[in-house]
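What follows is a short report on a single structure.
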Amino acid sequence: MIPWRGKREILARGFTLIELLLVLVILAALTALVMPRFTGRARKAKISTTRVDVFMNLPTALDLYEMDNGMYPTTTQGLRALIEKPTISPMPMSWEGPYLKRPVLPTDPWGRHYRYRCPATARGVDYELFSVGPDGIESTDDDIANWKG
């Protein structure tokens, strides 16, 4: 058994600079191994969330609007027609909204409003609904759009 005096000396000694540096090197190495796995996850999660909004959530609300009124909102009326009855012609025949649960227009994960055009210029869709994606520029690269599948 170590006498009391020996324990006290060990406790008073603490860590040396080399021991502290060794711990920091180990932590840095672990961080370097783990961080690359998580860096792409946030971007993928934002893209997945946007795809759900563009292909499921907003189209469901737009389809309900169309079922009640016989047409989709025009570009001028925009997505605001899903939360407020449009005051711009053509007037909806039987607006039963709001068609979204929250009384605010949704934004994409990058904080920008979704873009909407009706009638559509793209083939195969009644309206164009899209996010300009992470770069914030309407283009063909990172945009997430209902006509791109």
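The values are calculated or read from the model by the stated rules, or taken from the named source; none is laboratory data. Just so it is clear, the model here is predicted, and its values are computed rather than measured. Here the Cβ positions follow ideal geometry from the backbone for every residue, glycine too, while neighbour counts run over all protein chains shown.
Observations, loosely collected:
- Matching entry among S48, S94 (being of a type outside the set (A, V, I, L, M) and touching a helix residue (DSSP H, G or I) at 6+ places or on another chain (Cβ under 8 Å)): S94
- Here H113 meets the list (1) under 30 Å from G40 (Cα atoms); (2) loosely packed, with under 13 Cβ neighbours inside 10 Å; (3) at pLDDT 90 or above almost entirely, failing just condition (2).
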